[in-house]
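Some notes on the structure that comes next.
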């Protein structure tokens with residue numbers, strides 16, 4: 001079992017929930033050492049006193065804050081810890097918010113939160129279930145490794161998930177970073193329509209396992225090729241920017257290519273599914289037609305049950321649903337203007353409609 005990287009308690013109101021924090025992610029990348037070019041001499045970094053040139057032990061290093069005029073205020077770790085609001089090991093909740101209201105721009109890193117002990121699992125479960133049922137996230141702060149973090153805690157299945165976030169003053173204003181952005185509605189209607197078609201033809205469910213780090217794979221292949229003295233094949237050049245005069249034609253060809261890929265994929269999957277269904281029908285003694293009839297009846301019953309569940313406002317993991325599924329749910333709940341809402345707005349509207357119906 002992994003060791004927690006932080007232990008403390010979530011506090012909200014007069015309730016205290018002991019938790020242990022574990023890292024939820026890790027990055028895979030190729031590890032390199034540094035060498036002087038043309039030699040096998042390693043490059044090393046040392047902590048050196050710039051006046052004496054002598055190396056300094058880590059424990060003998062303190063931090064200095066520049067106060068101007070070449071003067072510094074020196075602070076050791078004990079002094080820094082004395083003002084840290086997290087010295088009490090508390091993760092203080094300041095507000096519960098709609099999860100869909102948090103802009104993903106603010107998210108930093110993800111951690112799992114587990115119960116602090118078996119004795120406190122019931123209180124942990126209560127907080128998790130209450131947050132799941134209300135569809136809200138808890139926004140709070142904690143201090144970890146000498147830094148205060150803004151955090152968002154949400155329910156995810158059997159777990160509470162914590163995501164560290166940037167404070168508002170840490171997020172840059174795009175107007176200060178980007179000189180000029182195109183105005184809206186500059187494209188021709190035909191180009192806009194074709195662009196929307198391309199998006200539709202390339203749309204699908206979010207499956208993390210469908211994506212992998214191909215760059216790291218190529219770097220490892222490069223290392224292996226050089227190790228064996230093989231010839232290195234360079235990657236293709238990046239495509240040229242699309243000219244405005246060619247935009248419609250490039251979009252049209254892109255839609256055709258995407259549609260052909262989807263048709264080929266669907267045909268392969270459909271053939272496999274059809275064979276599997278026929279085999280199951282033969283084993284069960286039921287004809288495909290009778291199975292289809294049963295499936296249709298079951299589907300109708302399932303739809304009615306789903307609509308009833310939605311109308312009663314039962315717990316639904318809206319964050320895991322596709323936009324098309326959200327639209328179906330919004331239709332069952334009679335959400336006004338649903339087709340004009342983007343995904344975060346649609347999720348928020350569905351959640352509110354569920355609470356009204358409940």
Checklist line | Hits in the range 35-58 - residues which are closer than 24 Å to residue 219 by Cβ and surrounded by fewer than 10 Cβ atoms within 10 Å (Cβ to Cβ) | finding: 36, 37, 38, 39, 40, 42, 43, 44, 45
Item checked: Identity of the residue in the range 77-111, modelled with pLDDT under 80 and in a loop (DSSP other than H, G, I, E, B), that ends up farthest from residue 128 (Cα to Cα) -> 83
Note to self: Is it the case, given these coordinates, that residue 30 is more than 23 Å from residue 146 (Cα to Cα), surrounded by 10 or more Cβ atoms within 10 Å (Cβ to Cβ) and at pLDDT below 95?
What the structure shows: yes
Item checked: Single condition residue 114 does not satisfy, out of (1) surrounded by 11 or more Cβ atoms within 10 Å (Cβ to Cβ); (2) under 17 Å from residue 18 (Cβ atoms); (3) out of contact with any helix residue (DSSP H, G or I) (no Cβ under 9 Å at 6 or more places or on another chain) -> (3)
Checklist line | Answer from 30, 83 - the residue that is in contact (Cβ under 8 Å) with a residue 60 or more places away in the chain, out of contact with any strand residue (DSSP E or B) (no Cβ under 6 Å at 6 or more places or on another chain) and outside the structural domain of residue 125 (by TED's automatic domain parsing) | finding: 30
Next item on the list: State all residues of the range 112-136 that are assigned to a helix (DSSP H, G or I) and in contact (Cβ under 8 Å) with a residue 12 or more places away in the chain; if no residue qualifies, say none.
Entry: 120, 123, 124, 127, 128, 129, 131, 132, 133, 134
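A quick yes/no check of all residues on (1) in contact with a strand residue (DSSP E or B) (Cβ under 7 Å, 6 or more places away or on another chain); (2) surrounded by 13 or more Cβ atoms within 10 Å (Cβ to Cβ); (3) within 30 Å of residue 320 (Cβ to Cβ):
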| position | (1), (2), (3) |
| --- | --- |
| 70 | no, no, no |
| 102 | yes, yes, yes |
| 118 | no, no, yes |
| 128 | yes, yes, yes |
| 136 | yes, yes, yes |
| 144 | yes, yes, yes |
Next item on the list: Could you check, for the range 173-190, whether at least one of its residues is surrounded by 13 or more Cβ atoms within 10 Å (Cβ to Cβ), modelled with pLDDT under 85 and farther than 30 Å from residue 122 by Cβ?
Entry: yes
Checklist line | Unmet requirement for residue 148, which otherwise passes all of (1) touching a strand residue (DSSP E or B) at 6+ places or on another chain (Cβ under 7 Å); (2) part of a strand (DSSP E or B); (3) crowded, with 17+ Cβ neighbours inside 10 Å | finding: (3)
Next item on the list: Output the number of the condition that residue 17 fails; it satisfies all remaining conditions of (1) over 23 Å from residue 76 (Cβ atoms); (2) part of a loop (DSSP other than H, G, I, E, B).
Entry: (2)
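The values are calculated or read from the model by the stated rules, or taken from the named source; none is laboratory data. Predicted model only: the values in this text are computed from it and were never measured. All Cβ positions, even for glycine, are placed from backbone atoms using ideal geometry, and neighbour counts span all protein chains on display.
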